[in-house]
Structure formats: C-alpha cells, structure tokens
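See structure below.
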Amino acid sequence: MGYHIVVSCSRFTNPVLRNNFHIVTTPLPRHPCSFLYSTISFGSPPPLGAYHSHLLKNGSLQNLNLANYLLSLYVKSSNMNHAHKLFYEIPHKNTQTWTILISGFARAGSSEMVFNLFREMQAKGALPNQYTLSSVFKCCSAENNLQMGKGIHAWVLRNGVDGDVVLENSILDLYLKCKAFEYAESFFELMIEKDIVSWNIMTGSYLRVGDVEKSLDMFRKFPYKDVVSWNTIIDGFMQCGYERLALEQLYRMVEYGTEFSAITFSIALILASSLSLVEVGRQLHGRVLKFGLNSDGFIRSSLVEMYGKCGRMDKASTILKDVPLNFLRKENFGVTCKEPKAGMVSWSSMVSGYVWNGKYEDGMKIFRSMVRELVVVDIRTVVTIISACANAGILEFGKQIHAYIQKIGLRIDAYVGSSLIDMYSKSGSLDDAWMIFRRINEPNVVLWTSMISGCALHGQGRNAISLFEGMLHQGIIPNEVSFVAVLNACSHVGLIEEGCRYFKMMKDIYHINPEVEHYTSMVNLYGRSGHLFEAKNFIFENGISHLTPVWRSFLSSCRLHKNIEMGKSVSEMLLQSAPSDPDAYILLSNMCSSNHRWDEAAKVRGLMHQRGVKKQPGQSWIQLKDQIHTFIVGDRSHPQDKEIYSHLDSLIGRLKEIGYSLDVKLVMQDVEEEQREVLISHHSEKLALVFGIINTSQRTPIRIMKNLRICTDCHNFIKYASQLLERDIIVRDTHRFHHFKQGNCSCGDYW
DNA sequence: ATAGGGTTAG
C-alpha cells in the first residue's frame with residue numbers, strides 16, 4: 001500500500017533540468033516517502049509541489065499516512081501557506097493531521113491561527129493529544145493569555161488527556177511566562193517526571209524577572225546541565241545587568257566541558273561587546289570560523305555588533321557583506337523563516353555601529369538603503385537605532401527615523417515612545433519629547449521615567465517633580481531608575497528638601513535599596529548647593545565611603561565652592577581607591593591651580609603621568625546638514641581651520657570688550673600664562689561654536705555636544721557669545737544641557 | 001512536540 005516515488009537527483013545540480021524532472025511511481029516496498037528526506041534540503045516548492053499535485057490528481061490524499069507526511073514536510077520546510085492549502089484538501093483528517101498543522105503555526109508564531117484551528121478542531125470533534133496541546137500552550141504563553149491557558153489546562157484535567165513531561169513543561173512555561181509564580185512553583189513540585197527542560201524553564205523564568213538568587217538556586221540543583229542550561233544562565237545574567245557574573249559562568253561552562261551551540265556563540269559575542277572585550281570577541285570569531293558557523297544569521301549579527309561597538313567598522317562591514325539587502329525583502333519574511341530577521345539585525349547593528357562611532361552619514365546611508373530595499377523594518381530595529389541616535393545626540397537622524405516610523409504607520413507604543421523621548425531630550429529638543437509624551441497615554445514606568453529624565457537633563461527640576469507626582473497619581477509604581485531621574489532633577493536645581501523627601505520615600509515606601517547612582521545624586525545635591533559638611537556626613541552616615549563616584553562628586557563640589565582643604569583630604573582617598581580614574585587627578589589638579597598652588601598641581605599631574613593614567617581627550621561635535629563635525633582641543637584638522645581660528649580670535653576680542661575674561665587657571669599644562677590662554681581659548685567647544693557661527697545664518701540656534709563636562713571658562717565664554725551674537729546656544733555635556741540665551745544659562749551657573 | 005539568541009529610561 002502506498003507509493004515509492006523515485007526521483008533522479010541530478011536535476012538539482014543541473015539547472016537546465018531543474019524544471020524538467022520526472023516522477024516515477026512504483027508500489028511501496030519500504031517507508032512510503034523515504035526518498036523525500038533527501039529533497040527537503042533543496043527547498044520545498046518544486047519537488048513538494050510536484051508531488052503534491054500528483055497526489056491530488058490521482059486521489060492519493062485519501063491515504064492519510066501519505067497526506068500527513070507531505071503536510072509535515074511542508075511544515076518542516078517552513079512552507080506554511082502550502083501546508084495550509086494542503087490541509088484543506090485532505091478529506092479525512094485525524095488528530096495527527098491537525099497537530100502537524102497547529103504545531104507548525106505555533107512554531108511560526110502565528111498564535112491567532114493556532115487558536116482558530118484549535119477551536120475548529122474541537123468543534124469537529126477531533127481529540128487533541130499532548131502534542132497539539134503543548135503547541136497551543138506555547139501560543140498562550142507567547143500571547144501572555146493566562147486566561148485562555150487556564151481554561152485549556154482545566155479542559156485537559158477534565159478530559160484526562162495522557163500527558164507526558166513535554167505537556168507538563170509547556171504548562172509550566174505558560175504559568176511562568178504569565179508570571180503566575182506561586183502556581184508554577186507548586187506545579188513544578190508536583191511534577192512526577194522532571195527533565196532538563198523543566199529545570200531550564202524554571203531558571204530562565206526567574207532570570208527574566210531578575211531573581212538571580214532563585215535562578216542560581218535552581219541552577220545548582222540541576223541533576224545535570226546541558227548547553228541550554230548554560231545559555232540560559234549566561235544570557236539571563238547578562239539581561240539582568242550582571243555581565244561579570246555572566247562571563248564567569250561562560251568560563252565555568254568551558255570548564256564543565258559543555259560544547260558551545262550556535263546560540264552560545266551568539267550570546268558570548270554580545271557579552272564580549274558589552275564588556276568591551278575585543279580580544280575575547282576575536283577569539284570567539286576564530287572559533288566561529290573554525291566550526292563553520294559564520295553562516296548563522298544570529299552569529300553574524302552578534303559579530304557585526306561586537307565589531308561595531310569596539311569601533312572596528314571595517315571588520316563589521318566585511319562580515320555584513322554576506323548578507324544581501326534584497327534578501328531581506330518582505331516576501332522573504334516567510335512565517336517561520338528566522339534567517340531574514342537575523343540578517344536584518346546585522347544591518348541595523350551596522351547602522352547603530354556607525355552611529356556609535358560617530359559616522360552618522362554612513363549610518364544614514366545604510367538606513368536609507370534599508371528603507372529603499374528591504375521594506376520590513378520592525379520595532380526592535382527602529383528602537384535600537386533611535387537609542388544609538390539618542391546617545392550620539394544627533395537630532396537630524398533621529399528626526400528622520402521618527403518621520404519614517406510615521407510614514408510606515410508603525411504604532412508608537414511605550415517602547416518606541418520612550419526611545420523617542422530619550423532621543424529628543426538628549427538631542428536638545430525637549431519640546432518634541434513632550435509632544436511624544438503627551439500623545440502616548442500608557443501607564444508605563446519607563447515612558448514616564450524617560451520624560452522625567454529629560455526634564456532633569458534640561459534643568460527643569462520643578463517640571464520633573466510634578467511629572468513624578470503625576471506618575472504616582474496615575475498609580476504607576478516608580479522603580480530605581482525613576483528615583484535616579486527625580487533625584488538628579490532635584491540636584492540640578494538644588495532642591496534639597498524635595499530630594500531628601502524622595503530619597504526617604506524610595507527607601508521607606510517603595511523599599512528600594514539605594515544604589516551608587518542614588519547616593520551619588522544625593523551627595524551631588526548637598527555638595528553642589530554648598531552644603532559640603534552635610535554631604536560628608538551623608539557619606540559616612542550611609543556607609544558609602546568606599547564608593548568612588550560618590551567622592552568624585554564630592555570633590556567636584558569642593559572645587560566649585562573652592563574648599564581646597566576639604567577637597568585635598570578626600571582626593572587622597574580617591575587617588576588611592578581609584579588610581580586609574582583620570583577624573584580624580586584632573587579635578588584635584590584643577591582645584592590646586594585655580595587656587596594658584598602650582599606646585600601641588602604639578603605634583604598631581606606627575607603622579608598621573610607616572611601611573612600611566614591618560615586624560616580622556618575632550619571632544620565636541622556639531623551637526624550641519626547631513627554631517628557631523630568633530631573637534632578636539634587645538635584641532636587643526638578641519639578643512640575650514642584657518643577661518644575658524646581667525647574668527648575665534650576676533651570673537652574673543654569682541655567678547656572681552658563686553659566683560660569676558662579668560663579664566664586661565666583651569667589649564668592643566670604647566671606653561672606660561674600667554675600659552676595657557678591660547679590652549680584654553682582653543683577648547684573643542686569653542687571651536688565647534690565658531691564653526692557653527694560661520695556656517696549658519698544669523699540667529700539660528702546652535703547645538704553642540706561634548707563628551708566631558710563643560711569648563712567654567714567655556715561656560716562663561718558662551719554666555720557672553722549668546723549675548724553678543726543674539727543667538728541661542730545649546731550645549732550638552734556629560735551631565736546635562738545648558739541653554740544659553742542673552743548672556744544667561746538655563747543652569748543658572750549651577751552645574 | 002516543551003526551554004535559550006536583539007528592543008526603551010540612570
């Protein structure tokens with residue numbers, strides 16, 4: 001019974017014969033379709049399609065075994081459209097027929113289809129088996145539909161479906177994905193047969209909610225560990241922000257002797273890039289090549305991202321070359337095919353890589369060709385790129401992406417919205433951030449926190465506070481980041497009372513343990529407003545004297561308020577605990593020189609030199625049309641450099657006439673007064689500013705980004721410039737925005 | 001047939 005179909009294989013290698021093959025049917029001696037195994041790898045449509053129409057024509061679909069087998073082949077080769085069509089051509093379906101199709105759609109992530117088919121199946125009176133059910137449960141958890149899952153679970157219990165560990169695992173996963181932890185835990189306890197998958201599900205779920213303790217506890221209890229166990233724990237640690245722990249586990253995995261899977265490589269590469277371990281990344285790349293895994297899309301995208309983050313765009317682009325853009329068109333995004341998605345990740349990583357490395361034009365160029373060629377740009381891609389724009393502060397690119405989102409009609413949800421708000425506020429356009437915020441009406445904590453951070457960044461302390469209160473009023477529970485935002489807002493404008501209140505609220509009402517950021521913000525709040533003693537008390541009262549960022553903030557307040565004695569006593573501490581932190585040396589040295597203690601300043605610099613600590617070079621950038629122009633101190637590399645310097649000199653002269661004087665005390669170098677004046681007058685932000693003045697029409701606002709905190713002299717300089725030139729000048733430094741307008745700065749000289 | 005690979009705020 002049945003048929004053995006003989007097909008000559010040569011046609012697959014000979015393109016001429018490709019569409020000209022013969023199907024020979026003979027009575028079945030062994031497995032009905034054994035030959036078909038060999039055809040799958042050639043891609044389904046020609047052979048399966050021919051086979052399909054053949055069966056249809058001679059009525060062989062009556063043979064359920066054969067029909068089901070063909071159906072499963074369609075599913076295996078991700079051809080869900082054909083599978084669906086065939087399904088309705090099969091006259092007498094059994095449970096297996098339904099199951100094959102349902103599991104196929106489940107794997108493809110088409111939950112709606114699965115639910116419909118499942119209902120249809122029940123209506124037709126076909127009894128689902130454990131495999132059907134696990135697929136349906138998978139969709140329930142994918143859709144986060146606890147109610148439906150519970151209903152089906154009840155049905156399973158009522159009907160006494162024979163379940164095995166697989167079915168129970170899928171139920172376990174459902175409850176965990178829907179965060180019904182108590183239920184899941186007792187279910188897990190009651191499971192008679194637990195396999196490695198059950199343990200992995202538990203570990204992964206705890207990590208997803210950040211419960212590292214419980215997940216580690218589970219992990220240790222495993223009877224044995226497979227590659228997925230390791231992947232789960234490594235990726236989970238990374239997601240929770242414990243990169244070091246993740247790395248540690250990766251080494252353990254190697255020790256344990258578990259072989260890497262493709263996913264391990266992918267995870268490990270991302271880990272290497274987030275820890276900036278270029279060397280590890282390169283070694284992994286070597287292993288990838290050795291194992292021949294470089295054709296895996298996910299691995300390729302991690303490689304692109306890794307090289308991009310490490311500034312090796314050349315390497316990244318070599319790897320990207322293997323992913324043709326036209327391959328990523330909509331029609332290739334078949335229901336189950338993950339490969340185009342992975343390819344898309346590679347391309348979007350390339351865009352963010354360029355943006356990260358300040359190569360905005362290249363990033364834009366690639367994004368444009370993506371838009372032109374590929375059609376499908378999903379939410380994640382967009383969010384990744386927007387967030388890269390936010391960090392680079394390149395408003396124009398961000399705006400274009402925003403326009404693109406609107407054009408393709410992508411719904412701006414909390415995810416996209418938060419990243420847009422962040423992008424606009426970090427690029428200096430707080431109004432646009434507000435506009436986005438007002439349009440999204442979602443009680444999402446990240447969304448609100450982004451807006452609060454935006455206000456804080458622009459020194460709008462009062463607005464930040466009323467937003468925070470509004471958030472509480474809406475019933476949104478603030479998290480640790482929300483408190484960082486509101487505390488920063490308070491410290492930027494010196495709202496001591498409010499800051500203290502929120503700090504207390506965080507601990508007492510929301511039971512959030514303060515982290516370094518919160519402490520630093522508080523010390524900043526006290527210190528910047530001149531309450532140095534309170535700041536110091538706060539440090540000792542809270543037992544945080546071992547945290548270097550706290551002392552760095554304190555030291556910078558000492559400098560601001562010219563309390564050199566106090567500053568010196570803490571800097572000793574700082575230099576000991578963080579001997580490789582350039583900021584500490586620079587702060588101390590600047591403090592000494594601004595009090596004319598040149599010897600001491602020289603000593604600090606000597607120490608810095610001796611220990612091989614390098615100062616991060618100051619860099620400012622400004623965007624003009626489609627280009628980013630970057631400047632460093634004393635930069636002569638710009639094509640317009642002559643014009644810039646002569647204009648700068650004359651500007652300094654004109655500003656001096658209206659009261660500006662160079663504050664040369666801040667110069668690190670031990671040089672003559674006149675030379676010092678030259679150095680400081682060529683700070684990168686001054687160069688960027690003059691470049692902006694020359695190249696834009698009068699009264700156009702100028703936006704400048706800087707990778708360090710703006711110095712007193714430049715701050716002063718720009719204030720006068722905004723008055724003389726009647727221009728709004730907006731500067732973003734590492735801490736906040738300064739809006740200069742008619743001789744004043746929005747920070748009120750308080751930064 | 002069940003678990004694992006990229007997304008927002010400091």
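Readers should treat all values here as calculations from the given coordinates under stated rules, not as data from a laboratory. Since we're looking at a predicted model, the values are computed, not measured. Cβ atoms come from the backbone with ideal geometry, glycine included; neighbour counts cover every protein chain shown.
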So for the pair residue A:185, residue A:474, with labels modelled 7 Å out along Cα→Cβ, what separation do we get in nm? 3.2 nm
List the lysines whose Cα sits under 20 Å from the Cα of residue A:57, skipping any in the same chain fewer than 8 residues away. A:85, A:93
Where does each of A:596, A:52, A:683, A:561 land when they are ranked from fewest to most other beta-carbon atoms within 10 angstrom? A:596, A:561, A:52, A:683
Mean residue ellipticity at 222 nm from the helices of chain A, using -39,500 (n - 2.57) per DSSP H segment of n ≥ 4 over the full residue count, to the nearest 500 deg cm²/dmol? -20000 deg cm²/dmol
Of all the Cα-Cα pairs you can form in the stretch A:640-745, what percent are over 24 Å apart? 16 percent
Ranked highest first by average number of other Cβ atoms within 10 Å, how do A:116-127, A:494-505 line up? A:494-505, A:116-127
Rounded D (µm²/s) - chain A, Kirkwood Rh over Cα pairs, Stokes-Einstein at 37 °C, 0.692 mPa s: 108 µm²/s
Anchor residue A:706: aspartates and glutamates whose Cα lies under 14 Å away (excluding residues fewer than 8 positions away in-chain): A:685, A:733
With r as the distance between the Cβ atoms of residue A:697 and residue A:658 and R0 = 25 Å, compute the FRET efficiency 1/(1 + (r/R0)^6) and round to 0.05. 0.65
Gap separating the Cα centres of the stretch A:382-399 and the stretch A:82-96, nearest whole Å: 48 Å
Putting +1 on Lys and Arg Cβ atoms and -1 on Asp and Glu Cβ atoms, find which of A:573, A:84, A:277 reaches farthest to the positive end of the dipole of chain A. A:84
Starting from the Cα-Cα distance between residue A:625 and residue A:290, subtract it from 0.36 nm times their residue separation and give me the gain in nm to one decimal. 116.1 nm
Where labels lie 7 Å past Cα in the beta-carbon direction, separation of residue A:742 and residue A:164 in nm: 8.0 nm
In the structure shown, do any of A:615/A:642; A:76/A:138; A:426/A:507 have a Cα-Cα gap over 24 Å, and if so which? A:615/A:642; A:426/A:507
Order by neighbour count: A:313, A:435, A:344, fewest other Cβ atoms within 10 Å first, most last. A:435, A:313, A:344
Round to the nearest 0.05 the FRET efficiency obtained for residue A:213 and residue A:380 when R0 = 35 Å and r is the Cβ-Cβ distance. 0.75
Run the numbers for residue A:597 and residue A:321: contour at 0.36 nm per residue of separation, minus the present Cα-Cα distance, in nm. 93.6 nm
Based on Cβ point charges of +1 for Lys and Arg and -1 for Asp and Glu, what charge dipole magnitude is obtained for chain A about its Cα centre, in debye rounded to the nearest 20? 1780 debye
What spacing in nm lies between the two simple spin-label points modelled at residue A:632 and residue A:124, each 7 Å away from Cα in the Cβ direction? 7.0 nm
Paired Rg and Dmax values of the stretch A:514-615, which use every Cα atom, in angstrom: 13.1, 40
All lysines inside 16 Å of residue A:315 as judged from Cα atoms, apart from same-chain residues fewer than 8 positions distant: A:359
How many percent of DSSP beta bridges within the stretch A:697-751 run antiparallel, rounded to 5? 60 percent
